[in-house]
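*Asks:* Dumping the structure here so I can ask a few things about it.
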Amino acid sequence: MASTLLWAGFAVLAIALLFLVAIVQNSVDENSIIATPSIPRENGVMSSFTSIKIRASVEEVFAVMASFKDYSSGTPFASYKWKDKTDDGVPIVGSTGSFRLTVEGYEYDRKIEARLTLLDRESKRIALFTTSYAPWLLASERVQEVVPLEGQPGCSEYRTWWTTEGVAAYYLLWVAKEDFTDSLKRSTADLRDYFERGGK
């Protein structure tokens with residue numbers, strides 16, 4: 001009798017988990033997922049995207065992006081430390097390092113291991129992939145790029161998106177997507193404000 005009840009309990013738990021998985025998977029907006037160099041669109045669980053106009057050339061903006069300097073006037077969204085860098089302080093593709101990620105509203109302030117996966121001076125694009133956990137559990141990649149604004153010399157558009165994958169990414173999708181997106185927007189505005197302050 002006891003073993004029958006135990007197996008019945010396992011069956012109910014398994015069915016409940018299957019329903020939960022189905023509900024979580026249905027909450028993913030596949031049209032909003034943006035692929036990155038390391039995370040194909042079909043593997044993504046959540047993407048946050050933002051862009052902003054900056055009164056500076058693409059070369060000037062990219063130089064700040066590639067330096068990974070802290071350009072915020074308050075608490076930075078992410079502050080970086082890289083192991084392998086060039087003489088001018090720019091990290092080398094494949095270099096590993098860490099960054100401290102701060103997400104306001106979610107009380108998230110954590111050191112995360114990462115690898116630089118892209119630094120393309122021609123396309124003005126940078127990407128870094130988190131390596132703190134196995135990708136099946138939780139991984140993410142942030143892409144940053146800057147493009148010229150047609151008909152607006154001396155101005156450019158900065159774009160950045162962050163895509164996550166793995167089982168734990170569904171938890172972030174449920175509880176932190178808005179806070180994460182808001183913090184990403186704040187970081188983008190900080191970059192614009194940095195140039196409006198004259199690069200100070």
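*Asks:* Alpha carbon centre of the range 84-101 versus the range 109-163: separation in Å?
*Replies:* 13 Å
*Asks:* Between 37, 91, 183, whose Cα lies farthest towards the positive end of the dipole of the range 30-196 when Lys and Arg beta carbons carry +1 and Asp and Glu beta carbons carry -1, centred on the Cα centre?
*Replies:* In the range 30-196, that residue is 91.
*Asks:* Okay, moving on. Expressed in nm to one decimal, what extension gain is obtained for the pair residue 168 and residue 69 from 0.36 nm per residue of sequence separation less their Cα-Cα distance?
*Replies:* 32.7 nm
*Asks:* At 0.36 nm per residue, minus the direct Cα-Cα distance, what do residue 155 and residue 122 gain on full extension? Give it in nm, one decimal, please.
*Replies:* Gain on stretching residue 155 to residue 122: 10.1 nm.
*Asks:* For residue 129, what is the net charge nearby, where nearby means another residue's Cβ is under 11 Å from its Cβ and Lys, Arg count +1, Asp, Glu -1?
*Replies:* -1
*Asks:* Continuing with the same structure: Need one number: the % of Cα-Cα pairs in the range 30-196 sitting beyond the 19 Å mark.
*Replies:* Distances greater than 19 Å cover 55 percent of the Cα pairs.
*Asks:* Another question, if that's okay. For residue 111, list the aspartates and glutamates whose Cα falls under 19 Å from its own Cα; do not include residues on the same chain fewer than 8 positions away.
*Replies:* 70, 84, 141, 165, 179
*Asks:* Could you check the simple spin-label distance between residue 30 and residue 59, using points 7 Å along Cα→Cβ, in nm with one decimal?
*Replies:* For the pair residue 30/residue 59, the computed spacing is 4.4 nm.
*Asks:* Mean shadow of the range 114-168, computed from the convex hull of its alpha carbons, in nm²? Display every interim value, and only then the final one.
*Replies:* Details: hull surface 17.4 nm².
Spelled out: convex hull of the Cα atoms, projected over all directions, averaged, 4.3 nm².
*Asks:* Only sites in a loop by DSSP and with at most 10 other Cβ atoms within 10 Å count here; which GluC sites (Glu not before Pro) in the range 135-200 make the cut? Please report the intermediate quantities before stating the final value.
*Replies:* Numbers: sites: 141, 145, 150, 157, 165, 178, 196; in loops: 150.
For GluC sites (Glu not before Pro) across the range 135-200 that sit outside H, G, I, E and B with at most 10 neighbouring Cβ atoms in 10 Å, the list reads 150.
Bear in mind these aren't lab numbers, they're just calculated from the coordinates by the rules spelled out. A quick note: this is a predicted structure, and the numbers were derived from the prediction, not measured. Reconstructed Cβ throughout: ideal geometry from the backbone, glycine too, with neighbour counts over all protein chains shown.
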